[in-house]
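Q: Supplied in structure tokens, the structure appears directly below.
The values are calculated or read from the model by the stated rules, or taken from the named source; none is laboratory data. Since we're looking at a predicted model, the values are computed, not measured. Note that each Cβ is placed from the backbone with ideal geometry, even for glycine, and that neighbours are counted across all protein chains shown.
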Amino acid sequence: MRPIGDKLVIATHNPGKLREIAALMEPLGISCVGAEELGLPEPEEIGNTFADNADLKAREAADLSGLPALADDSGLCVDALHGRPGIFSARWAEDENGNRDWMRAMEKVWRGAEATEPDAAPAAHFVCSLAIAWPNDGQAETFDGRVDGTLVWPPRGDKGFGYDPIFVPVGYEQTFGELEPELKHSISHRADAFRKLVQALNE
């Protein structure tokens, strides 16, 4: 894979996601700047998969900024809900005014799973697709990651973001909202995708 350089645009307006990605990139000596800081718009996510949405966000940020851009599209997939909310994970949190209320989203997921499987801990997994795009020539590459776990209620912990407080990864008793960020960063779906990206960079 062609080199990134020392500066990378992170195509997100989510401060939690920006912090997490910047922490993962730091050991590579690459500084990150968020799309919001550069005044870049949030493109409409019209893809049918996580990879489609990551790719379109990365390409638009690279074209508008003139810098290599990295985009993440990720979400929670619940077995009892046939993989939902999936690519609509963020939209499940939106109210009628477009503001995001993650407690509302977590409750919607839990109530739906509980109604389908009332006697079992709902199985779920997080998926992450990372796309990196370079300006001018349209080149882009995508890397996918996943982490499996189960859902809990009520939400626990305030260290994560999004659906983290209701997700317990396999092999742990704490939710992503309770785990220390360094530990979460080492086992998450995003970390899984990053390992593949770093491997490609080093080849």
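Q: Going by the structure shown, is residue 17 in contact with a Ser or Thr (Cβ under 9 Å, 6 or more places away or on another chain), of a type in the set (D, E, K, R) and at pLDDT below 90?
A: Answer is yes for this residue.
Q: Which of the residues belonging to the range 9-34 are outside any helix (DSSP H, G or I), touching a residue at least 24 places away in the same chain (Cβ under 8 Å) and either over 15 Å from the mean Cα position of the chain (by Cα) or at positive phi (or both)?
A: Matches in the range 9-34: 9, 30, 31, 32, 33.
Q: Filter the range 1-18 down to the residues that are in contact with a helix residue (DSSP H, G or I) (Cβ under 8 Å, 6 or more places away or on another chain) and more than 17 Å from residue 198 (Cβ to Cβ), then identify the one that is surrounded by the most Cβ atoms within 10 Å (Cβ to Cβ).
A: Taking the candidates together, the pick is 11.
Q: For the range 83-189, which strands (runs of 3 or more DSSP E) that fit wholly inside it have 2 or more residues that are of a type in the set (Asp, Glu), touching a residue at least 24 places away in the same chain (Cβ under 8 Å) and surrounded by 14 or more Cβ atoms within 10 Å (Cβ to Cβ)?
A: Those strands (runs of 3 or more DSSP E) span 140-151.
Q: Return the residue satisfying two criteria in turn: it lies in the range 86-120 and is aliphatic (A, V, I, L, M) and within 24 Å of residue 185 (Cα to Cα), and of such residues it is modelled with the lowest pLDDT.
A: Across the range 86-120, the extreme among qualifying residues is 90.
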